[in-house]
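Report on one structure; see the data block that follows.
A short reminder: the numbers here are calculations on the coordinates, not readings from a lab. Bear in mind the structure is a predicted one, so any value in this text is a computation, not a measurement. We place every Cβ from the backbone using ideal geometry, glycine too, and count neighbours over all the protein chains shown.
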Amino acid sequence: MRVVKLLPAVVVLMMSLGFDGTASAADYAGAISTYRRAHGLSVVKPDARLDAVALKQAQGMAASGTISHTVAGSFASRVAVLRKSRAAENIGAGFLTFAEMLKQWQDSRGHRENLLMAGARRVGVASVKNPNSPYRMFWAMVITD
């Protein structure tokens, strides 16, 4: 897990449904919201700006064939334009459907903490295929207040 300061005194945790990479933003947000509601938290709405940040990260990972929070630039620099006080990122690869990726995030302590970030209101999700990589599919999710 990485910790990055976006604003002074604000600590950001970075982490990082049979949806394939063609599901809509509403489908992804709905699945994440269902999980959050089951834990007594508010729903999140899809956000096109967050989708774009997630897509840049997923594209960078797919192009490099690596799973890294910094391959498309530091998380702090990628979300600075959003002007949010808190933001978190989950990444992953090797899962062909969003349902599989979401399950892995739910089963991982750090990723689960991001999914269950208190006060979260918006989410963006993206996936990018790279058939030449052993991972084949790269995922990124950004969640903010």
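Relative to the current alpha-carbon distance between N132 and V43, full extension at 0.36 nm per residue lengthens the span by 28.4 nm.
Centroid-to-centroid, using Cα positions, segment 67-98 and segment 100-145 are 9 Å apart. Derived scalar couplings between HN and Hα for segment 93-99 equal 7, x, 10, 7, 10, 5, 4 Hz in order, rounded to whole Hz, by the Karplus curve 6.51 cos²θ - 1.76 cosθ + 1.60 (θ = phi - 60°), x for Gly and Pro.
Annotation for R121 and K103: the two label points, set 7 Å from Cα along the Cα-Cβ direction, are 3.4 nm apart.
Among the lysines of segment 14-145, pairs at least eight places apart or on separate chains and with Cα atoms under 20 Å apart come to 6. Take 63-75, 25-37, 80-92 and order them by the average number of nearby Cβ atoms within 10 Å per residue, most first; the result is 80-92, 25-37, 63-75. Seen from D51, the other residues with C-beta closer than 14 Å to its C-beta sum to a net charge of +2, counting Lys and Arg as +1 and Asp and Glu as -1.
For segment 104-111, 3J(HN,Hα) computed residue by residue from phi via the Karplus equation (6.51, -1.76, 1.60; θ = phi - 60°) reads 4, 4, 5, 7, 10, 3, x, 5 Hz, glycine and proline entered as x. Here's how it looks for N130: its modeled amide H is under 5 Å from those of R136, M137, F138, which are all 5 or more places away or on a different chain.
A simple spin-label model places the labels of I67 and L96 1.8 nm from each other, with each point 7 Å out along Cα-to-Cβ. Calculated translational diffusion coefficient of segment 43-115 (37 °C, 0.692 mPa s; Stokes-Einstein with Kirkwood radius over alpha-carbon pairs) equals 249 µm²/s.
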